[in-house]
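Single-structure report; data block below.
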Amino acid sequence: MKKIADLVIKYAWLIVIITLVITILAGSQINRLNIEDDITKYMPEDDPEIKFYREVVDKFGGSQAETAVISLEYDGLFQVENLRSVKNIIDELEGIPYIQSVTSFLNMPEIISTEYGLEVKDLVEIFPENNEEAGKLKDRLLNNNMVKGKFISADGNVTLLIIALKEGYSATGSELKNSLIKVIEPIKGKATKIYYSGLPLMSAEISQSSRSTMSLAIAAILIMLFVLFFCFRSVRGVVLPLFVALLSSVWVLGLIASTGRNVTMVAAILPVIMISLATAYGIHFVSRYYEDRYRFEPLTAVKLAFRHTFLPIMMSALTTMAGFLSLSAAIVRPITEFGIFSTLGIFFAFILATFFLGAFYRLFPPPKIHKKFSSDSNDLINKLLNLIFYLVSEKKKTVIVILLVVVLAGIGFATRIIPDSSMESRLGEKNQVVKTLNYFKEKFGGVDTLYIYTEADNVKNPYVLRQIKKIEDYSERLPSLTEPSSISDFLIDLNDAMENKKIIPANLGKIDNLWFFAQNNEYLTSMVGDGDKETLVSLKAKEMTSDALDLSIAKIRAFIETIPKNVKEVDLQSLEKEEVKKYFPYIAEEIISSLQAKGIQIKDVDGFKNELIQLAAQPNSEFERKDPAFIAEILSLSTLEIEDLGLTKEEIAPLLSSYIQDEQSADLFIDELMSQIGLSEDDALYLQEILEVSRDMAQEREKVKEAQIRAEKYLDAPLTDEEKDILWYLNDKVVFVPDDHEASKLSFRLSGTPVIMDRVNRSVFRGQIRSIILAFLLVFTMLVIQFKSVKIGLFSMAPLVLTIITTGGAMGFFNIPLNFSTMMVASIAIGAGIDYTIHFISRYKNEIKHKDAREALKITLTGTGRAILFNSISIAAGVLVLSFSNIKMMASFGQLIGSVMLVSVIYTLLLLPILLAKIDFK
């Protein structure tokens, strides 16, 4: 140490000049610092869930980083004037060069009837001309599952615009929001509320909040100025420790900025942390220098202070660095990067606190030192330290009992800690980002999307589509999920419009016919991947993360596991009558599983299954009736074809009644159509075929009606119309049978921000354990090396263990969740809290060489104990300013760290002296 001290004294001016030059260079880079908060970048890029999410985004779009969301609220959205305002906004947005597309209710598919049949058009193609038409449009949309709750709120007054930005768009979120406001404000019409969301815009808000948190460093400096002046009663004693901390902050932020690396909002606490923690090294150097300066001339005081503090400060820095570096084991990016950057900052603080302060006091020694730095001082601090000396010397048992009670309480409350890294947990309910998200949650069920990626040989296969529908029905029963959406919904609505059956047909040919109507709609076609092998089911998550959401995700995964993935298709029409019977149980099982997915409670599943098998086995002809109502139903089903022939239903009714009631032959019926109606032979033959098809359909309907009646006795509640339609499966002519040997496969996999957030939460929890263990191991190893004693190393860790337990208890007691910032508290407490132990033991070892144990302890408590108290008070005062951050987790972090440092010093001063008495240092 003597040689290093001599070099510092010899090159004092050079050290000061180099320090100032580095500071100027680093300070010039800080404006380049960029803060982002993309949850998909929190995990390593090779993480399986992250890789899969990016694959889904590449195939289907929807990257959060390139999506903005705007909501427009009107007192009456469905008034022509307001609809035109929305259309004008969309038209203007679509004309902006950096916008790829705008998705809204206006380009949603609408099924309409024309004189030629059904057509599927974009809503914008049938834009209402007056308020009456707008009202009818509103009614239709609020009954459209693809629009209601997704692009139009349930009350019909809010619409959602989803903006896809072009790849490579490089403007900041603030610039994007300002440009959108500039476009929308002049043409918004009578919009009462406009909200802007999406990752780019949210990141801009978070970045602004983070910079506001960084500015709290100024408040930390002012508070610590007051605390340090109280401690040192010297301008230099106040300024120099803070100057060291400030320079270390500038150096580390400048270094980060110079790399061009984006950082998360957790990095916003770096300045406050550096100013608070790094001040400790300056305090210890200045405190010891003032002690020595009180007794010796300036040059000797500098040498002694450097020699006595260099090793303890270095070990304190190394252990603190170890605590921060252990955070790199957490995997989660905000935590790992904070750990690395903080480690660098502490290293810089160590260099500055020793070399720079040594050089400074060599060049500018103080003229005199306040008497309080004598161990004979009788000020308030010394009185407190003397009281502690009395307690640890005379009242050891009392101290131990009190500490034990506190620790046991901490263990009890620590079990209540839960991991929660949701946006609300991180930012707080009063943050503008959270307010916006809550608005979207209220109006649209949320903005975070859970995707169920579906892969099959053909996702338009009826079996695949029916399983997708089951998953949607099941998810709607879960409290954390809402508004499912898939191609199944559209095909069901289209089939309902064509055949009055709200189901997925079992025939692939019918599916292809239905899909034909969707080919010109960009939104629908974008939902199916290349080769028809992939599609997405989208679900709105009411929260980004919560226990309820995690449970919902787990339940969906479990439900998916019950779905057979390998099936073979069996065409019942190609089989002999006796062979067909063995497939009716599969039809019954499909009906039962579809009803159960909707939450239908079946009292007797086996009895209901047998009833369904009997119904499926009965020929449809057995359900035919001869009454006028049945005849009228056949005619109603054939209305278009009858009118095409220039006829009316009333003309056909008598002949059709005779044909059915008298069981006439087809040839006789055709002859009567020709003779009595005057149809040509071809037209008569055509009409007879049409009526036979309608007759079959009417028989099917009667069969389903009978099934609905029989089903009631097995169910706890009557079926809704949509639930009743599932019984149409009784008429399936194609059955899908589980077969593990079948080559075709079906798979489902969940993705989206809720899945990633769940993974992040799990990583945070695992990272907490790993980082604490690593921090303990690193710090313990360093202590054993420094003090050359395993016993001293173990005793040194005792105050830290109690501090961690107490901190966990406080988190549980005050319901503070475990998130990106609060999980760092334990590791920081280990790294920073051990400083007190190192300085205390180092001083005690030096004193006990020449004094008895009692006197050595008293001098250590009143000397180094003073510096430790100053240190803990200044750190607590500094980090507690984070309580004023408008980012909730930063505020919680500041409160916890401030409390931890005070608790740590209490355990150090009360427990460590008792433990050291058990060691023979001589």
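Please tell me if residue 320 is within 22 Å of residue 216 (Cβ to Cβ), surrounded by 24 or more Cβ atoms within 10 Å (Cβ to Cβ) and not assigned by the TED database to the domain that holds residue 823. Outline the logic, then answer.
Values: within 22 Å of residue 216 (Cβ to Cβ): yes; surrounded by 24 or more Cβ atoms within 10 Å (Cβ to Cβ): yes; not assigned by the TED database to the domain that holds residue 823: yes.
Yes, satisfied.
Mind listing whichever residues of region 659-684 are without any contact (Cβ under 8 Å) to a residue 12 or more places away in the chain, of a type in the set (Gly, Ala, Ser) and open to solvent by less than 70 Å² (accessible area, probe 1.4 Å)?
Of everything in region 659-684, those that are without any contact (Cβ under 8 Å) to a residue 12 or more places away in the chain, of a type in the set (Gly, Ala, Ser) and open to solvent by less than 70 Å² (accessible area, probe 1.4 Å) turn out to be 665, 678, 680.
Can you tell me which residue is least open to solvent (accessible area, probe 1.4 Å) among those in region 711-735 that are closer than 20 Å to residue 606 by Cα and free of Cβ contacts under 8 Å to residues at least 12 places away in the same chain?
712
Looking only at region 46-86, which residues are farther than 15 Å from residue 131 by Cβ, in contact (Cβ under 8 Å) with a residue 12 or more places away in the chain and outside any helix (DSSP H, G or I)?
47, 61, 62, 67, 68, 69, 70, 71, 72, 73 - these are the residues of region 46-86 that are farther than 15 Å from residue 131 by Cβ, in contact (Cβ under 8 Å) with a residue 12 or more places away in the chain and outside any helix (DSSP H, G or I).
Condition (residue is hydrophobic (A, V, I, L, M, F, W, C), in the same structural domain as residue 91 (by the TED database), buried (at least 16 other Cβ atoms within 10 Å of the Cβ) and more than 22 Å from the chain's Cα centre (by Cα)) applied to region 190-210: is it met by at least one residue?
Checked region 190-210: at least one residue is hydrophobic (A, V, I, L, M, F, W, C), in the same structural domain as residue 91 (by the TED database), buried (at least 16 other Cβ atoms within 10 Å of the Cβ) and more than 22 Å from the chain's Cα centre (by Cα).
Can you find a residue in region 566-577 that is open to solvent by 40 Å² or more (accessible area, probe 1.4 Å) and within 30 Å of residue 448 (Cβ to Cβ)?
First, pick out the residues of region 566-577 that are open to solvent by 40 Å² or more (accessible area, probe 1.4 Å): 568-569, 571, 573-577.
Retained after the next criterion (residues that are within 30 Å of residue 448 (Cβ to Cβ)): none.
No; the residues of region 566-577 include none that is open to solvent by 40 Å² or more (accessible area, probe 1.4 Å) and within 30 Å of residue 448 (Cβ to Cβ).
Which residue pairs have Cβ atoms closer than 8 Å, lie 6 or more positions apart in sequence or on different chains, and pair a first residue in region 253-277 that is over 22 Å from residue 819 (Cα atoms) and outside the structural domain of residue 427 (by the TED database) with a second residue that is in a helix (DSSP H, G or I) and among the polar types (S, T, N, Q)?
Cβ pairs passing all conditions: 257/31; 275/249.
If residue 179 satisfies all but one of (1) of a type outside the set (Asp, Glu); (2) within 26 Å of the chain's Cα centre (by Cα); (3) modelled with pLDDT of 80 or more, what's the number of the condition it fails?
Tallying (1) of a type outside the set (Asp, Glu); (2) within 26 Å of the chain's Cα centre (by Cα); (3) modelled with pLDDT of 80 or more, residue 179 fails exactly one: (2).
Of all residues being in a strand (DSSP E or B) and among the β-branched types (Val, Ile, Thr) in region 405-454, which is farthest from the chain's Cα centre (by Cα)? Just the residue, please.
Checked region 405-454; the qualifying residue farthest from the chain's Cα centre (by Cα) is 454.
Would you confirm, using the coordinates I've provided, whether residue 554 is part of a helix (DSSP H, G or I), small (Gly, Ala, Ser) and assigned by the TED database to the domain that holds residue 676?
Answer is no for this residue.
Suppose we filter region 872-888 for residues that are open to solvent by 10 Å² or more (accessible area, probe 1.4 Å) and over 15 Å from residue 209 (Cβ atoms); how many remain?
Final tally of qualifying residues: 3.
Can you name every residue in region 606-628 that is assigned to a helix (DSSP H, G or I), open to solvent by 30 Å² or more (accessible area, probe 1.4 Å) and more than 20 Å from residue 728 (Cβ to Cβ)?
Matches in region 606-628: 606, 628.
Going residue by residue through region 685-707, is there one that turns out to be of a type outside the set (Ser, Thr, Tyr), surrounded by fewer than 16 Cβ atoms within 10 Å (Cβ to Cβ) and in a loop (DSSP other than H, G, I, E, B)?
no
Right, residue 473: of a type in the set (Asp, Glu) and out of contact with any strand residue (DSSP E or B) (no Cβ under 6 Å at 6 or more places or on another chain) or not?
yes
Output the number of residues of region 316-341 satisfying the condition of being in contact with a Pro (Cβ under 9 Å, 6 or more places away or on another chain) and not in a helix (DSSP H, G or I).
Here the count works out to 1.
What pairs can you find where one residue is in region 168-181 and within 18 Å of residue 211 (Cα to Cα), the other is assigned to a loop (DSSP other than H, G, I, E, B), and their Cβ atoms are less than 9 Å apart, with a gap of 6+ or different chains?
Close Cβ pairs satisfying both conditions: 173/36; 173/198.
Given the criterion assigned by the TED database to the domain that holds residue 402, open to solvent by 10 Å² or more (accessible area, probe 1.4 Å) and over 25 Å from residue 219 (Cα atoms), identify the matching residue among 869, 802.
None of the others qualify; the one that does is 802.
Quick one: count up the residues across region 515-532 that are modelled with pLDDT of 85 or more and either part of a loop (DSSP other than H, G, I, E, B) or open to solvent by less than 10 Å² (accessible area, probe 1.4 Å) (or both).
Number satisfying all stated conditions: 2.
Do the conditions hold for residue 454, that is, is it among the β-branched types (Val, Ile, Thr) and open to solvent by 10 Å² or more (accessible area, probe 1.4 Å)?
So residue 454 fails the test.
Being within 30 Å of residue 303 (Cα to Cα) and in contact (Cβ under 8 Å) with a residue 40 or more places away in the chain narrows it down to one of 22, 17, so name that one. Let's see the steps before the verdict.
Working: 17 fails: in contact (Cβ under 8 Å) with a residue 40 or more places away in the chain.
None of the others qualify; the one that does is 22.
The values are calculated or read from the model by the stated rules, or taken from the named source; none is laboratory data. These numbers come from a predicted model, not from an experiment. Here Cβ is always computed from backbone atoms with ideal geometry, including for glycine, and neighbour counts include all displayed protein chains. Surface accessibility is based on the protein's heavy atoms, side chains included, excluding ligands, DNA and RNA. Shrake-Rupley method; radii C 1.70, N 1.55, O 1.52, S 1.80 Å.
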